[in-house]
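This report refers to the structure that appears directly beneath it.
The values are calculated or read from the model by the stated rules, or taken from the named source; none is laboratory data. Source: prediction; values computed, not measured. Please note: Cβ atoms are built from the backbone with ideal geometry, for glycine as well, and neighbour counts cover all protein chains shown. For the accessible areas, the whole protein counts, side chains as well, though only heavy atoms, and no ligand, DNA or RNA atoms are used. Shrake-Rupley method; radii C 1.70, N 1.55, O 1.52, S 1.80 Å.
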Amino acid sequence: MKTGVKICGLMDSDGLRSACETGADWIGFVFFAKSPRFVTPQEAAELVASYRGTLPKIVGLFVKASDEQIAATLSTVRLDILQLYDTPERARAIKARFGLPVWLSCAITDQNDLPTESDLDGYVIEPRAPDNASRPGGNGISLDWTLLQSWHSPAPWMLAGGLNPDNIAQAIAASGAPAVDVSSGVETAPGRKSPALIRNFIKNARGTCAPDRK
């Protein structure tokens with residue numbers, strides 16, 4: 001099976017077009033105001049409308065969001081999946097409220113942090129943010145990929161944090177990740193995606209298959 005790829009933090013039409021045309025499986029918009037990749041729901045809707053081809057699945061990223069924020073976003077832009085930085089309990093409530101697949105972002109320090117709940121639709125596994133970070137997420141830091149070698153996830157999952165075209169093949173081989181999520185690793189500046197880096201990232205990710213754990 002080919003490795004799934006998500007290009008997150010899209011902010012402009014060039015990045016969106018490159019992600020779509022080079023075969024990304026998911027594209028992500030960040031609806032968190034403290035992020036340098038923040039877009040409003042209206043901006044995301046305009047970007048989606050600007051692309052005339054077939055779009056991948058659209059993921060909306062939310063951090064400790066209220067029902068009202070999520071509802072307002074969904075009334076403006078179509079989202080296929082909600083990616084949440086929140087508790088498992090809150091993720092379940094949001095899934096029940098909105099009827100959309102929910103991916104829970106999980107910050108990992110060691111194997112004891114790996115999720116065990118099987119009632120969510122997916123997990124984004126990434127390193128724990130530094131104590132002084134202003135936002136959650138990988139923050140360009142790589143996880144110890146070997147922590148995931150013997151893990152049998154209770155739900156579909158993807159690897160995030162510190163990934164780029166140069167290390168993605170090694171990351172997949174070391175972690176066994178069936179899918180990967182990248183943002184800053186395909187940028188020339190925060191929020192400015194490079195079509196060449198996106199193309200090389202997807203090429204290198206797809207050139208590596210996660211090991212079969214059956």
Checklist outcome for this item: Residues in region 1-13 that are open to solvent by 40 Å² or more (accessible area, probe 1.4 Å) and hydroxyl-bearing (Ser, Thr, Tyr) total 1
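Name every residue in region 35-50 that is open to solvent by 50 Å² or more (accessible area, probe 1.4 Å) and touching a helix residue (DSSP H, G or I) at 6+ places or on another chain (Cβ under 7 Å), in order of residue number.
Taking region 35-50 first, the residues open to solvent by 50 Å² or more (accessible area, probe 1.4 Å) are 36, 38, 42-43, 46, 49-50.
Answer for region 35-50, where residues must be open to solvent by 50 Å² or more (accessible area, probe 1.4 Å) and touching a helix residue (DSSP H, G or I) at 6+ places or on another chain (Cβ under 7 Å): just Ser50.
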Checklist entry - Of all residues in region 155-169 being modelled with pLDDT of 95 or more and over 21 Å from Lys57 (Cα atoms), which is least open to solvent (accessible area, probe 1.4 Å)? => result Ile168
Checklist outcome for this item: Of (1) closer than 28 Å to Asp14 by Cα; (2) surrounded by fewer than 17 Cβ atoms within 10 Å (Cβ to Cβ); (3) among the hydroxyl-bearing types (Ser, Thr, Tyr), Ser118 satisfies every one except (1)
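A quick yes/no check of all residues on (1) part of a loop (DSSP other than H, G, I, E, B); (2) more than 24 Å from Pro178 (Cβ to Cβ); (3) at pLDDT 95 or above:
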{"residue": "Lys2", "(1), (2), (3)": "yes, no, no"}
{"residue": "Ile27", "(1), (2), (3)": "no, no, yes"}
{"residue": "Leu47", "(1), (2), (3)": "no, yes, yes"}
{"residue": "Arg52", "(1), (2), (3)": "yes, yes, no"}
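Quick grid of which residues meet (1) surrounded by fewer than 17 Cβ atoms within 10 Å (Cβ to Cβ); (2) of a type outside the set (Lys, Arg):
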| position | (1), (2) |
| --- | --- |
| Gly15 | no, yes |
| Ala19 | no, yes |
| Trp26 | no, yes |
| Ala33 | yes, yes |
| Arg52 | yes, no |
| Gln69 | yes, yes |
| Ala72 | yes, yes |
| Arg78 | yes, no |
| Pro101 | no, yes |
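If the requirement is being more than 14 Å from Gly191 (Cα to Cα) and surrounded by 15 or more Cβ atoms within 10 Å (Cβ to Cβ), which of these qualifies: Ala65, Ala96? Talk me through it step by step, then tell me what you get.
Values: Ala96 fails: surrounded by 15 or more Cβ atoms within 10 Å (Cβ to Cβ).
Result: Ala65 is the single residue among Ala65, Ala96 that is more than 14 Å from Gly191 (Cα to Cα) and surrounded by 15 or more Cβ atoms within 10 Å (Cβ to Cβ).
Let me confirm something: among Glu21, Glu43, Glu68, which residue is under 25 Å from Ala177 (Cβ atoms) and among the acidic types (Asp, Glu)? Walk me through how you get there before you give the answer.
Details: Glu43 fails: under 25 Å from Ala177 (Cβ atoms); Glu68 fails: under 25 Å from Ala177 (Cβ atoms).
Just one listed residue meets the conditions, Glu21.
I need a count of the residues in region 171-184 that are farther than 21 Å from Trp151 by Cα and crowded, with 24+ Cβ neighbours inside 10 Å. Step through it out loud before you land on a result.
First, the residues of region 171-184 that are farther than 21 Å from Trp151 by Cα: 182-184.
Then drop every residue that is not crowded, with 24+ Cβ neighbours inside 10 Å, which leaves 182-183.
The total comes to 2.
Quick test for you: out of Ile172, Ile125, Ile202, pick the one residue that is over 27 Å from Pro88 (Cβ atoms) and either among the hydrophobic types (A, V, I, L, M, F, W, C) or at pLDDT 95 or above (or both). Walk me through it before giving the result.
On the way: Ile172 fails: over 27 Å from Pro88 (Cβ atoms); Ile125 fails: over 27 Å from Pro88 (Cβ atoms).
None of the other options fit; the residue is Ile202.
Per-residue answers, yes or no, for (1) closer than 19 Å to Val124 by Cβ; (2) touching a residue at least 60 places away in the same chain (Cβ under 8 Å):
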{"residue": "Tyr51", "(1), (2)": "no, no"}
{"residue": "Val63", "(1), (2)": "yes, yes"}
{"residue": "Glu68", "(1), (2)": "no, no"}
{"residue": "Ala71", "(1), (2)": "no, no"}
{"residue": "Val77", "(1), (2)": "no, no"}
{"residue": "Leu82", "(1), (2)": "yes, no"}
{"residue": "Glu89", "(1), (2)": "yes, no"}
{"residue": "Lys95", "(1), (2)": "yes, no"}
{"residue": "Ser105", "(1), (2)": "yes, no"}
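Restricting attention to region 16-25, does a residue exist that is β-branched (Val, Ile, Thr) and touching a residue at least 60 places away in the same chain (Cβ under 8 Å)? Walk me through it before giving the result.
Within region 16-25, the first condition is being β-branched (Val, Ile, Thr), and the residues that meet it are 22.
From what's left, touching a residue at least 60 places away in the same chain (Cβ under 8 Å): 22.
Within region 16-25 (the criterion being β-branched (Val, Ile, Thr) and touching a residue at least 60 places away in the same chain (Cβ under 8 Å)), the answer is yes, since at least one residue qualifies.
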